[in-house]
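The values are calculated or read from the model by the stated rules, or taken from the named source; none is laboratory data. Note that the coordinates shown come from a computational prediction; the quantities given were computed from them, not determined experimentally. Reconstructed Cβ throughout: ideal geometry from the backbone, glycine too, with neighbour counts over all protein chains shown. The protein model used for the area step is the full one, side chains on, heavy atoms only, and it has no ligands, DNA or RNA in it. Shrake-Rupley method; radii C 1.70, N 1.55, O 1.52, S 1.80 Å.
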There are 2 protein chains.
Amino acid sequence: MGGPRKVANDPLRKQRILDATLAVIAEHGVHGTTHRRIAAEAGVPLGSLTYHFGSLGDIIEQAFARMAESMSERYHAALTAAPDEPAACAAVTDLICGDEYATPRELVLLHEMYAYANHNTTVAESLRQWLRRSRASLARHFSEPACRAIDALIEGWPMHQAWEREPLNRDLVRATITAVADRLR
Amino acid sequence: MGGPRKVANDPLRKQRILDATLAVIAEHGVHGTTHRRIAAEAGVPLGSLTYHFGSLGDIIEQAFARMAESMSERYHAALTAAPDEPAACAAVTDLICGDEYATPRELVLLHEMYAYANHNTTVAESLRQWLRRSRASLARHFSEPACRAIDALIEGWPMHQAWEREPLNRDLVRATITAVADRLR
DNA sequence: CAGATGTGTGTACGTTCGTACACACTCAGA
DNA sequence: TCTGAGTGTGTACGAACGTACACACATCTG
């Protein structure tokens with residue numbers, strides 16, 4: 001059954017462990033994340049975690065870093081695709097309202113990351129990098145003050161919405177973004 | 001030494017335990033909050049926690065409920081004091097920029113509460129109540145769409161700012177709030 | 001004063017955790 | 001074929017945890 005292999009048996013295992021870690025955090029929160037749950041989720045033996053990672057803290061740090069990177073890429077792709085300012089406003093509206101960026105799972109993970117970053121300098125640095133990159137993506141279309149305000153809206157709106165029963169009003173979001181971009185030119 | 005007493009030795013103990021719980025959460029995060037740390041912080045014996053509360057989860061739930069209530073009061077007081085819309089805009093600016101509401105400690109606790117609420121229905125309900133009340137306070141001065149947008153800004157701006165080195169630009173915040181209130185009349 | 005009742009505490013128990021580590025296995029080079 | 005280095009795993013251990021509970025004390029009732 002086992003084919004020929006040179007050095008490592010499962011080179012993708014580290015990434016699979018990190019993905020499993022995010023799944024566990026999304027379901028149980030950081031406070032309910034343990035080696036054993038991660039191992040079960042990833043389908044790897046317990047010893048595999050201590051073999052690939054120094055500690056549970058390392059795993060969580062790298063998992064959050066991985067998440068921030070992937071979100072940063074999607075963020076950047078959505079904004080660089082916009083040719084002009086109206087299109088950029090639409091893109092931002094999509095980021096806030098759409099199901100691709102502000103998916104419930106992503107919001108839960110983002111909350112966990114924000115909370116954890118307050119007590120872990122490594123995760124705090126990952127977070128700062130991701131915020132810096134997202135603001136740079138915005139800066140291609142908006143003035144510096146507008147970037148700050150829009151950034152705050154992208155942050156706060158989906159988070160508030162996560163606790164509402166009803167869906168988000170897309171036109172209202174669009175109007176707000178446009179108003180801010182217009183007045184803070 | 002001990003004076004006369006009727007029934008309870010220390011009627012304020014429950015509240016002191018809850019305050020200590022918030023202190024521990026602020027310092028170590030929910031994931032680092034334990035009975036023993038809370039007891040040490042509050043200066044009470046370990047058994048006192050299981051005597052007054054059913055479980056650690058209960059303690060955390062009540063601590064967050066207490067925090068939400070006290071923040072809700074400050075929030076409400078700041079907004080009802082404003083006589084007209086410009087004053088309300090100034091009050092909102094104070095909430096975002098001031099050191100009374102968006103103190104670092106409060107932000108850390110808020111992050112923790114948001115994260116924990118995703119995995120605990122009781123805390124989620126406390127959170128929804130506090131959001132509902134804060135929006136009601138806003139509704140005394142702004143239109144319903146403007147409330148939504150301003151709420152998102154109050155949410156997102158201090159949270160983003162928490163990760164910046166430099167202080168918040170008060171004029172920019174004021175201008176954004178005014179613009180939103182004006183355009184979403 | 002004697003019992004009853006409710007308040008409050010120190011300690012101990014079973015569980016679960018993070019981590020260490022002895023050991024098995026694979027394969028390149030000699 | 002043999003060997004050594006690197007890869008990967010099952011198990012075990014000390015620490016810390018949440019919780020239970022026997023017990024001490026103060027107060028009230030009669």
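General observations
- Annotation for A:Thr80, label-to-label distances across the other copies: 5.2 nm (shortest first, one decimal, point 7 Å from Cα along Cα→Cβ).
- Distance between modelled label sites at A:Trp163 and B:Ala90, nm, 7 Å Cα→Cβ extension: 2.9
- Efficiency of FRET between B:Glu27 and A:His28 - r from beta-carbon atoms, R0 35 angstrom, step 0.05: 0.95
- Chain B, relative contact order in percent, only Cα pairs under 8 angstrom and at least six apart counted: 22
- Two-site label geometry, B:Ala139 and A:Ser55: point separation in nm, points 7 Å out along Cα→Cβ: 4.9
- Once the Cβ-Cβ distance of A:Glu100 and B:Asp10 is raised to the sixth power relative to R0 = 45 Å, the FRET efficiency obtained is 0.25.
- Between region A:31-64 and region A:151-170, the Cα center-to-center distance that results, in Å: 32
- Each residue of region B:78-95 is assigned a 3J(HN,Hα), and the resulting list reads 5, 7, 6, 6, 6, x, 9, 5, x, 5, 5, 4, 5, 5, 4, 4, 5, 4 Hz, derived from the Karplus form 6.51 cos²θ - 1.76 cosθ + 1.60 (θ = phi - 60°), x at Gly and Pro.
- Volume of the Cα convex hull of chain A, divided per residue and given in Å³: 152
- Accessible heavy-atom area order of B:Arg135, B:Arg174, highest first, probe of 1.4 Å: B:Arg174, B:Arg135
- Legend: P(r) of the protein assembly as shown from all alpha carbon pair distances, 20 Å bins from 0, whole percents, reading 27, 53, 18, 2, 0.
- Remark: label point of B:Leu56 defined 7 Å out from Cα along the Cα-Cβ vector; separations to the same position in other copies 1.0 nm, ascending.
- Percent breakdown of C-alpha pair distances by 10 Å bin, ordered from the shortest bin, for region B:76-185: 14, 45, 33, 8
- Other-copy label distances relative to A:Arg165, 7 angstrom Cα-Cβ extension, nm: 4.8
- On a per residue basis, region A:13-183 carries 42 Å² of accessible surface, using protein heavy atoms and a 1.4 Å probe.
- In this view, the solvent-accessible surface of A:Arg105, computed with a 1.4 Å probe and all protein chains in place, comes to about 110 Å².
- Closest-to-axis residue of chain A (Cβ criterion, axis taking A to B), whole Å: A:Gly156, 1
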